[in-house]
Amino acid sequence: MKKLLLIILILFIIFGGYVLYNNYKDKGIPILKTEEEVINIDKLFIYGNHLNLHGNLIDDNNLQLVLYNGEFIEYNINVKDNEFNLSDYVNEGITLEDIPIGTYSLFLRSKDIDDKGEDSFKYYTLNNTTKYKETEYYTFSNVGNKIIINSDDTYNTLAIKVIENDNDSVYDIVIDPGHGGMDSGAIKNGNRESDFTMKIALDLKEKMETYGIKVKLTREDGQLTRDDLLPNYGVHGRAVIPYEVKAKYLFSIHLNSNTSTKVGGLEIYTADNINYDFAKEMASNILQLANAKYSKNLINKVSDGIYTRTFSENDIQKSIKEYNDKKMNPYDITTKSNYYFMIRETGGITTGAYVDDRNEEIDGNPYFSSNVGCETYLLELAYLTSVDDLNNINNNMSKYTEAIASTFKQIFEK
């Protein structure tokens, strides 16, 4: 019996080598020799337009991740406590727009110097232990590609296949005019927040489209009457539309309010654990172009004009009590869950989305466990209750939108 098993194993190895050889011989691609040790990948997610991986490490030197299809594309990694990732920030990693059309195998590569003083490499295959065995991503429209991430049959490692996208229903960015219909948002002296957010969103959409950016709105002008309400979840819900159209970014437009008319200024809310460079640049451009000012609010402040809020333990206990009082099932909230639903629910697992279908009264977010999510920013552009802010956004609305559009254009054309 042992001899039979040994023969079967030998035949399997021979067959695998034959397949590997035939897959590459016609292409003239050199075949890499891989190590027996396998690297387990336990996190694989895309946030915005960046892919990030997390996994265990081998005890080796000068490690990189490499994409291989005869040539190499190299990526530096972060190493800590026998683990690695592509970045500590969720909005960094492999920029998927940069990968040319082709089929690639992904390896962890170590580099050493041999006895002759020459570079010596070892290649380790990557075993995807996550539940996301195949991930699809659609690039910006000016690149026009579809990317499929799965495991290949050649090396039995992670593979990335880049092909032309033929899906016309894919968008670059979603703009969400906050509130709408019976949900007016803040009201002050007859001014409704929802009216402002629609005007701003339409102007921002127009400016972005002049740059070739493909824009989807969560609601159209005139779509909702004062008796209508756009659902947040379920099919075509406000937080679901970004997934449906495969968007990479989302801007949710709002105006703030306060009991004091002296409180005002710009507040941009972001997801947790991100590189804030883009948010900071957008805030700076709004100040320079639109004559705005930074809010003096210190709660959840990261830097001037930039804020991040996740659930605190008190927030979690309060939420649990509210759902229990309503005789509804509380959601699985953690301190890593982002507080604002448009940031949280549009980012999938990366931002701690949790609204599933456990409560019949609430249409769930069918993408709450997605490993592909939007990089979302909630823009509180001004305080509706501040006379100075209101005058400025009325007089300089086009400058606000130009500042936002021109900042995003740098990412789109990068």
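The values are calculated or read from the model by the stated rules, or taken from the named source; none is laboratory data. Quick caveat: nothing in here was measured; it's all calculated off a predicted structure. Ideal geometry is used to build each Cβ from the backbone, glycine not excepted, and the neighbour counts take in all protein chains shown.
Here is how the numbers come out for the structure above:
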read-out	value
Test: residue in segment 80-87 that is outside any strand (DSSP E or B), without any contact (Cβ under 8 Å) to a residue 24 or more places away in the chain and within 22 Å of the chain's Cα centre (by Cα)	no
Evaluation of K146 against (1) under 18 Å from the mean Cα position of the chain (by Cα); (2) not in a strand (DSSP E or B) (one fails), failing number	(2)
Subset of segment 278-317 (residues that are among the polar types (S, T, N, Q) and surrounded by 17 or more Cβ atoms within 10 Å (Cβ to Cβ))	N285, S295, N297, T308, T310
Of residues in segment 278-294 being assigned to a helix (DSSP H, G or I), over 22 Å from the mean Cα position of the chain (by Cα) and of a type in the set (A, V, I, L, M, F, W, C), the one nearest to T376 (Cα to Cα)	I286
Yes/no for L51 being crowded, with 17+ Cβ neighbours inside 10 Å and farther than 19 Å from E134 by Cβ	no
Options T310, T334, T385, T346; residue that is of a type in the set (S, T, N, Q), farther than 27 Å from S260 by Cβ, in the same structural domain as I274 (by TED's automatic domain parsing) and touching a residue at least 40 places away in the same chain (Cβ under 8 Å)	T346
Selection from segment 249-277 of residues that are crowded, with 19+ Cβ neighbours inside 10 Å, in a loop (DSSP other than H, G, I, E, B) and either touching a strand residue (DSSP E or B) at 6+ places or on another chain (Cβ under 7 Å) or at positive phi (or both)	G264, G265, A271, D272
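Matching residues to (1) of a type in the set (S, T, N, Q); (2) in contact with a Leu (Cβ under 6 Å, 6 or more places away or on another chain); (3) closer than 24 Å to I411 by Cα; (4) buried (at least 20 other Cβ atoms within 10 Å of the Cβ):
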residue: S194; (1), (2), (3), (4): yes, no, no, yes
residue: T197; (1), (2), (3), (4): yes, no, yes, yes
residue: E206; (1), (2), (3), (4): no, no, yes, no
residue: Y211; (1), (2), (3), (4): no, no, yes, no
residue: R219; (1), (2), (3), (4): no, yes, no, yes
residue: G222; (1), (2), (3), (4): no, no, no, no
residue: N232; (1), (2), (3), (4): yes, no, no, no
